[in-house]
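All remarks here apply to the structure that follows.
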Amino acid sequence: MMAVRNPTIALVGNPNTGKTTLFNALAGMNQRVGNYPGVTVETKKGKLHIADRTLDLIDLPGTYSLAPRSPDEMVAVDVILGNNPSEPRPDVVVTIVDASNLERNLYLMTQVLELGVPVIIALNMVDVARSQGLKIDVDRLSQQLGVPIVPIQANRGVGLDALKSAIARVLESPACGRCPAFPDAFEHEVATLQACTGPTEPVYLIRRLVLDVGGYAEKRLGAKYGADLIDKMHAARQRLVQAGFTLAGIEARIRYAWIRKMTAGCIERPVERVVSWTDRLDKVLTHRILGTLIFLAVMFLVFETIFVVADPFMGWIKLGVGWIEETVASAMAAGPLRSLLVEGVIRGVGAVVVFIPQIVFLFAIIAVLEDCGYMARAAFLMDRLMARAGLNGKSFIPLLSSMACAVPGIMSARVIENPRDRLATILVAPLMSCSARLPVYSLLVAAFLPIEEYGWFVPGLVFFSLYLIGIILAPALAFVLKSTLLRGETPVFVMEMPLYKMPSAYTVLRRSFDAGRMFLKRAGTMILASMILVWAALYFPSGDFASRIETATQRLEGQRDELDEESIAAQEKKINELRSEWKAQSLLGQVGKWIEPAVEPLGWDWRIGMAALASFPAREVMVGTLGIIFGEGEGDAGEEEYRRTLGGALREARRPDGRAVFSVPVALSVLVFFALCCQCVSTLVVIKRETNTWRWPIFTFVYMTALAYVGAFLTYQIGCLF
Amino acid sequence: MLPELMPLEYLHAGQWADVAEVSGEPGWVSRLAEMGVRIGSRVRVVQGGSPCLLQIGDSRLSLRGDWAMQILVRPVAC
């Protein structure tokens, strides 16, 4: 028996109208976000229960219009038209309309109506509108539009039941509302063009073909039906212009005139505009000097906070992993399997999991900034700077999001309409310090520049500087790209400033939860796989090292009470030398030594070079690899707790000639390398997906690695002068 | 007599005006219209300079100077 398809409900609306909040309120925990956490660019799906029925809910990207000029808008149009092969055509489209900005929001709704689907208006932010002195006669408006309207407050969950019953009613007896009519001359041209494509193409797309100069309809139908159709389209446009229509203005004029007629007598405006909180806050927060200072302070506080606040959580995870390691090690006999489990799997995963708190905190902060409306102000403030880099303020959001993870950052670059700006933003986004670099940063900073030795402000300052490298280099490189490979005229920059509001706890928690889960998933699959490969490369060929070390250790334990401290230390040193010998002749050691001349100018020994190479799948692997290479057997009973942590092991690590492997210049050189390199398979895969060619991910990897090498070289050489 | 037309960019902060003409690439004229910047809409400059911050109806937009030059407005006394 064939399964009966659930009815499908699609959510559309302008950006910043509370669409995501409504989606969350309707779908609850029962939702599947796209592959990556981050800004709403992917289509989100969920289930909605009304009485005993289950409906599929799709959250379409927030758009101002369904005149497809960006990939987001094309996705929305395709889903509503039923052109998207993976989605059924929605049975009802719920259009979320911001009551405090009614006319502009209704513009999008008129386009949805034109697509010929039943529409329900969810009139959101009725409370905000009321506080602005705006009175809307909902019943009358609903009658005039011929569309059910349900007033809601998505953030408080008000009106959701009414919305659900409205959906149920429309599903029972679907009806499409009225929509504005285009002039006869225009419709005549549309009919002529449709004769060329045949009736399978929706009329809506043909209208878009005529209206949107350089839009998606032109590209898609042009590719499908050839130059003949494009010639006819040009001729049609020509005739319309001669008849006195301006293509750019015709649609807006018709729609707004219609909206004006439909809303007549339904809206009562205050005589004087009420000065709102948003007005007052904007006076300060978007102020050139004051606002910029506040912006910098916010950014600095963000990074101090994740370093300090996340610390106790990380401590607990470290303790837990250490306990598991010990328990497993004591329950198993020595041998390759125990080594794989303890030194490969547990320690490898543990070294990654420990950084979950920082990632969760960072994503939570970004979610708060975005949800409260501050992010757009930051973009406004940054536009001047971005304009100098040949980018626009909208590039700021992808770049800032890349500080959490380049993957959602690169995906959120879809909000940039200009393809060159978008590509430039995608290519430089991985330069921004992402959360996967945090493990490397905090490991080395805590180990080599600790508060106890250098003062309370040094770790924060080093962190800040590492982030600053990306913040300065990304726009600089974008400028270079925009004036060479991606030359073209500067695009127009229009961006809406949403009203300030309290961030929704659900949205914030959801985003940080998704980020944490995503990170764990990566730790669990790809990262773990590369960890085990690295462990194997370090373990084999194993010769008789394992048994020699075991014997030496047992002998030492047996005699420990009889020996003086000096001989214990001598024996321990011997054991450590055995380990180091083992590693030196292992597979990894052989490759590492082979590349040592290349990394020597950076101040690295072969082990650091090898760990850097091994972290190609993902930067956080570096930590795990260092753990495997350096974290073994520095087992001084008296200082065990201290040496538990990898940082301690790194400080203890010695070269064969007795010099320390790490010094402050070496640590800084590694830090700078990791700030600049592109050791992240996920980023490269996403760039491939977003640009649709391998050319750009390869380009990104090559230029970033070159930049990282030069940066690390300069850091080490200059660092050694002090 | 009606006040002279002038580019939006030259409005002072706090000044009100009616949009009289929007020129430029058709795609962007449409985009602006979708966002509410079209002939006849009343705007106020919240913050001058480039980019400037505009109040249009009940929404706030930020717009760059070079583009604000292409929007001609007629200042209104308020």
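The values are calculated or read from the model by the stated rules, or taken from the named source; none is laboratory data. Here the structure is a predicted model, which means the values were calculated and not measured. Reconstructed Cβ throughout: ideal geometry from the backbone, glycine too, with neighbour counts over all protein chains shown. All accessible areas refer to the heavy atoms of the entire protein, side chains included, with ligands and DNA or RNA removed. Shrake-Rupley method; radii C 1.70, N 1.55, O 1.52, S 1.80 Å.
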Problem set entry | Yes/no for A:ARG169 being of a type in the set (Lys, Arg), in a loop (DSSP other than H, G, I, E, B), without any contact (Cβ under 8 Å) to a residue 40 or more places away in the chain and surrounded by fewer than 22 Cβ atoms within 10 Å (Cβ to Cβ) | no
For this session: Restrict the check to region A:690-706 and report whether at least one residue is closer than 16 Å to A:PRO601 by Cβ, more than 27 Å from the chain's Cα centre (by Cα), at pLDDT 85 or above and in a helix (DSSP H, G or I).
Result: no
Exercise. Is region A:323-330 home to any residue that is within 14 Å of another protein chain (Cβ to nearest Cβ), more than 32 Å from the chain's Cα centre (by Cα) and loosely packed, with under 15 Cβ neighbours inside 10 Å?
Worked result: no
Seminar exercise, completed: Apart from one, (1) in a strand (DSSP E or B); (2) closer than 18 Å to A:THR246 by Cα; (3) facing another protein chain (nearest Cβ under 8 Å) all hold for B:LEU53; the odd one out is (2)
For this session: Please state which one of A:VAL150, A:VAL97, A:VAL128 is part of a strand (DSSP E or B) and either over 19 Å from A:SER165 (Cβ atoms) or within 14 Å of another protein chain (Cβ to nearest Cβ) (or both).
Result: A:VAL97
Exercise. How many residues does region A:238-261 hold that are outside any helix (DSSP H, G or I) and either within 14 Å of another protein chain (Cβ to nearest Cβ) or open to solvent by less than 20 Å² (accessible area, probe 1.4 Å) (or both)?
Worked result: 2
Exercise. Of all residues in region A:64-80 being modelled with pLDDT of 85 or more and open to solvent by 10 Å² or more (accessible area, probe 1.4 Å), which is farthest from B:ARG31 (Cα to Cα)?
Worked result: A:ASP78
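Looking at region A:400-416 only, could you name the residues that are open to solvent by less than 20 Å² (accessible area, probe 1.4 Å) and either charged (D, E, K, R) or within 22 Å of A:THR63 (Cβ to Cβ) (or both)? First the steps, then the outcome.
Taking region A:400-416 and keeping what is open to solvent by less than 20 Å² (accessible area, probe 1.4 Å), we get A:400-404, A:406-413, A:416.
Those that are open to solvent by less than 20 Å² (accessible area, probe 1.4 Å) and either charged (D, E, K, R) or within 22 Å of A:THR63 (Cβ to Cβ) (or both): A:LEU400, A:SER401, A:PRO408, A:GLY409, A:ILE410, A:MET411, A:SER412, A:ALA413, A:ILE416.
Yes/no per residue for (1) farther than 30 Å from A:LYS318 by Cβ; (2) touching a Ser or Thr at 6+ places or on another chain (Cβ under 8 Å); (3) touching a residue at least 24 places away in the same chain (Cβ under 8 Å):
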{"site": "A:ALA331", "(1), (2), (3)": "no, no, no"}
{"site": "A:GLY335", "(1), (2), (3)": "no, no, yes"}
{"site": "A:PRO357", "(1), (2), (3)": "no, no, yes"}
{"site": "A:VAL360", "(1), (2), (3)": "no, yes, yes"}
{"site": "A:VAL368", "(1), (2), (3)": "no, no, yes"}
{"site": "A:MET386", "(1), (2), (3)": "yes, yes, yes"}
{"site": "A:PHE396", "(1), (2), (3)": "yes, no, no"}
{"site": "A:CYS405", "(1), (2), (3)": "no, yes, yes"}
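Residue under question is B:VAL37, and the condition is that it be within 9 Å of another protein chain (Cβ to nearest Cβ), among the hydrophobic types (A, V, I, L, M, F, W, C), open to solvent by less than 40 Å² (accessible area, probe 1.4 Å) and in a loop (DSSP other than H, G, I, E, B); does it hold? Spell out how you get there, then give the answer.
Working: within 9 Å of another protein chain (Cβ to nearest Cβ): yes; among the hydrophobic types (A, V, I, L, M, F, W, C): yes; open to solvent by less than 40 Å² (accessible area, probe 1.4 Å): yes; in a loop (DSSP other than H, G, I, E, B): yes.
So B:VAL37 passes the test.
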For this session: Can you work out which of the residues in region A:584-604 that are free of Cβ contacts under 8 Å to residues at least 60 places away in the same chain and open to solvent by less than 20 Å² (accessible area, probe 1.4 Å) is nearest to A:VAL353 (Cα to Cα)?
Result: A:LEU588
Problem set entry | Scan of region A:150-165 for residues that are out of contact with any Gly (no Cβ under 9 Å at 6 or more places or on another chain) and crowded, with 21+ Cβ neighbours inside 10 Å, ordered by number | A:LEU163
Exercise. Going through region A:265-280 one residue at a time, which ones are open to solvent by 50 Å² or more (accessible area, probe 1.4 Å) and closer than 29 Å to A:ILE121 by Cβ?
Worked result: A:GLY265, A:GLU268, A:ARG269, A:VAL271, A:GLU272, A:ARG273, A:VAL274, A:VAL275, A:TRP277
Exercise. Given (1) part of a helix (DSSP H, G or I); (2) open to solvent by 30 Å² or more (accessible area, probe 1.4 Å); (3) modelled with pLDDT of 70 or more, where does A:PRO541 come up short, assuming only one miss?
Worked result: (1)
Problem set entry | Residue satisfying condition, being modelled with pLDDT of 80 or more, farther than 28 Å from A:CYS677 by Cβ and not β-branched (Val, Ile, Thr), within set A:GLN571, A:GLN590 | A:GLN571
Seminar exercise, completed: Taking region B:1-34 and keeping residues in a loop (DSSP other than H, G, I, E, B), open to solvent by 50 Å² or more (accessible area, probe 1.4 Å) and either more than 13 Å from chain A (Cβ to nearest Cβ) or over 27 Å from A:GLY62 (Cα atoms) (or both) leaves B:MET1, B:LEU2, B:PRO3, B:GLU4, B:LEU5, B:HIS12, B:ALA13, B:GLN15
Seminar exercise, completed: Of A:ALA367, A:ALA429, A:ALA378, A:ALA424, the only residue that is part of a helix (DSSP H, G or I) and within 14 Å of chain B (Cβ to nearest Cβ) is A:ALA378
Exercise. Taking the stated definitions as given, is A:ARG607 basic (Lys, Arg), surrounded by fewer than 13 Cβ atoms within 10 Å (Cβ to Cβ) and part of a helix (DSSP H, G or I)?
Worked result: no
Exercise. Which of the following residues is part of a strand (DSSP E or B), within 9 Å of another protein chain (Cβ to nearest Cβ) and over 14 Å from A:VAL494 (Cα atoms): B:VAL46, B:VAL73?
Worked result: B:VAL46
Exercise. Any idea how many residues of region B:56-70 are more than 7 Å from chain A (Cβ to nearest Cβ) and in a loop (DSSP other than H, G, I, E, B)?
Worked result: 2
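Which of the residues that make up region A:185-230 are of a type in the set (A, V, I, L, M, F, W, C), in a helix (DSSP H, G or I) and either within 14 Å of another protein chain (Cβ to nearest Cβ) or open to solvent by 30 Å² or more (accessible area, probe 1.4 Å) (or both)?
Passing the criteria: A:ALA185, A:ALA191, A:ALA195, A:CYS196, A:VAL203, A:LEU209, A:VAL210, A:LEU211, A:ALA217, A:ALA223, A:ALA227, A:ILE230.
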For this session: Return only the number of the condition from (1) open to solvent by 60 Å² or more (accessible area, probe 1.4 Å); (2) within 12 Å of chain B (Cβ to nearest Cβ) that A:HIS234 does not satisfy.
Result: (2)
Exercise. Can you tell me which of A:GLN571, A:GLN554 is surrounded by 12 or more Cβ atoms within 10 Å (Cβ to Cβ) and in a helix (DSSP H, G or I)?
Worked result: A:GLN571
Problem set entry | Any hit, region A:645-654, residues being open to solvent by 10 Å² or more (accessible area, probe 1.4 Å) and at pLDDT below 75 | yes
Problem set entry | Matching residues, region A:454-505, being surrounded by 17 or more Cβ atoms within 10 Å (Cβ to Cβ) and among the hydroxyl-bearing types (Ser, Thr, Tyr) | A:TYR467, A:TYR500, A:SER504
For this session: Could you figure out which of (1) part of a helix (DSSP H, G or I); (2) within 14 Å of chain B (Cβ to nearest Cβ) isn't true of A:LYS318?
Result: (2)
